[in-house]
Each structure stands twice: as C-alpha cells, then as structure tokens.
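Heads up: the structure comes next, in structure tokens.
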Amino acid sequence: MTSILINTLSMGIEYHQQPVELTDILEISNIVFTCMFLLEMLFKLLAFGLFGYIKNPYNIFDSIIVIISVWEIVGQADGGLSVLRTFRLLRVLKLVRFLPALRRQLVVLMKTMDNVATFCTLLMLFIFTF
C-alpha cells in the first residue's frame, strides 16, 4: 500500500521544465517501482499458479497495469510512450481493498456519473440548439 502511494506521488511531482536531476530521479524511481510490481506479479503467479492467479479480478487488473508499465519503459527507448503512464495511476484503485471509506466514495461517484452524463448530454443539446 505504501509503495502504491509513493509511486503515485512520484508520478505526480513531474512538471514542465523541471531540472534534469529530478527527471533522472523520477525515471529511476519509475523503473524501480515497475520492477517491484513486476516481481509481485511473478511471485503471485508462482504462488497461486496461473488459474489461481486469474481467479481474483484484482490480480488481472494489476497484471494489465504491470504489462502497460513494462511496455511503456521498453517503448520509451524508441520514442515517447509516456501517455501510458496515466494508466499506472489506476493502481490507486487497488487501495479500495484496504480502505473502505475510499470504496464508499467510489460507489457514490459511480452512482452520480449517470446523472452527470444525462446532464451533460442535455447541456450539449442546448448548446447545439442555440
């Protein structure tokens, strides 16, 4: 849980025209955290086996994020796939298992999204009409 929070913070402190030293530190932390989560995934695969691993939806979710992270690091040598870094922020959703208050907030957010989508559609209709 702590490594997920630190990883999220390290991705959040990046800004435009930052010093080169900070960029290097963030790239190293990116590789370190990706290796940590990759090792976690591999250890879980070894412990549970493939079918035991994929029974848990959180494991599937985590493995998709780890694969995207590795893909982003490998693709970074060729060009800039840093847009894939935003998918790694979804790892915060793993904390829902440990924090019931966060789970309640996400449930309320999902219930209100339907009303917000309806309102936005109606607003766009009025803007288009006028």
Residue match in segment 53-61 (condition: in a helix (DSSP H, G or I), surrounded by 11 or more Cβ atoms within 10 Å (Cβ to Cβ) and modelled with pLDDT under 75) = no
Consider residue 22 carefully, then state whether it is surrounded by 14 or more Cβ atoms within 10 Å (Cβ to Cβ) and either in a helix (DSSP H, G or I) or not assigned by TED's automatic domain parsing to the domain that holds residue 74 (or both).
-> no
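The values are calculated or read from the model by the stated rules, or taken from the named source; none is laboratory data. Here the structure is a predicted model, which means the values were calculated and not measured. Heads up, the Cβs are rebuilt from the backbone with ideal geometry, glycines too, and the neighbour counts pull from every protein chain shown.
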